[in-house]
Amino acid sequence: MRARYRDGSRSRSVEVTPQGGTSYRVVVDDGELMVTAEPLDDGRLRITGPNGVTIAEVTSVGAQRFVRLGAMDFVLEREVAGRRRDGAGGSGGLEAPMPGVVTRVMVQAGDTVEKGQPLLAIEAMKMEHVIRAPRAGRVSKVAAAQGEMVKGGIALVEMEPAAE
């Protein structure tokens, strides 16, 4: 399987080739490694590679993959030829990736933020998803509060581009 995924603002090439049994050759960008992937009863995977054993959880929602590798979380979105997502939507809104509970709000309207700065966090599917600024700018609206249950796809933060 070969595909391209967006990891935040980066585009990554991913290729997974079965090698027989539970062994796989995995190439991410130019890095290659051999791993074994054993399914566990609860839907997780036990990944064994050159750095030891890691438990992986993957949740698919549309084109997005919410991946937890040990204590690290990633939100990947499969790229479709001719389509590029900027992570902010045309209106400058940052949306909840799926239904969940807002666990932290780290900005307020009027704040100036840098690209990649954490804005808020949501707990969904037993994972924390941190919503980050896709670019430098000013927060024009925060539409969620800590402890609030939110629906997937709704704008939680709206941003304006940085003044030039």
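Read-outs throughout are calculated quantities, based only on the coordinates presented, and are distinct from any laboratory measurement. These figures come from a predicted structure and were not determined experimentally.
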- request: Over 30 Å, how big is the tail of the calculated P(r) for the chain, in percent of all Cα pairs?
  value: 25 percent
- prompt: Which whole-number percent gives the relative contact order of the chain, counting Cα pairs below 8 Å spaced six or more residues apart?
  reply: 16 percent
message: To check my understanding: the extent here is largest minus smallest coordinate of the Cα atoms along each principal axis. What are those three numbers for region 93-161, in Å, largest first?
response: 31, 18, 18
query: Over region 2-78, with a single point scatterer placed on each C-alpha, what log10 of the ratio I(q)/I(0) does the Debye formula yield at q = 0.11, 0.13, 0.17, 0.19 1/Å?
result: -0.28, -0.40, -0.71, -0.91
- line: Check: C-alpha center region 98-151 vs C-alpha center region 38-81, spacing in Å is 23 Å
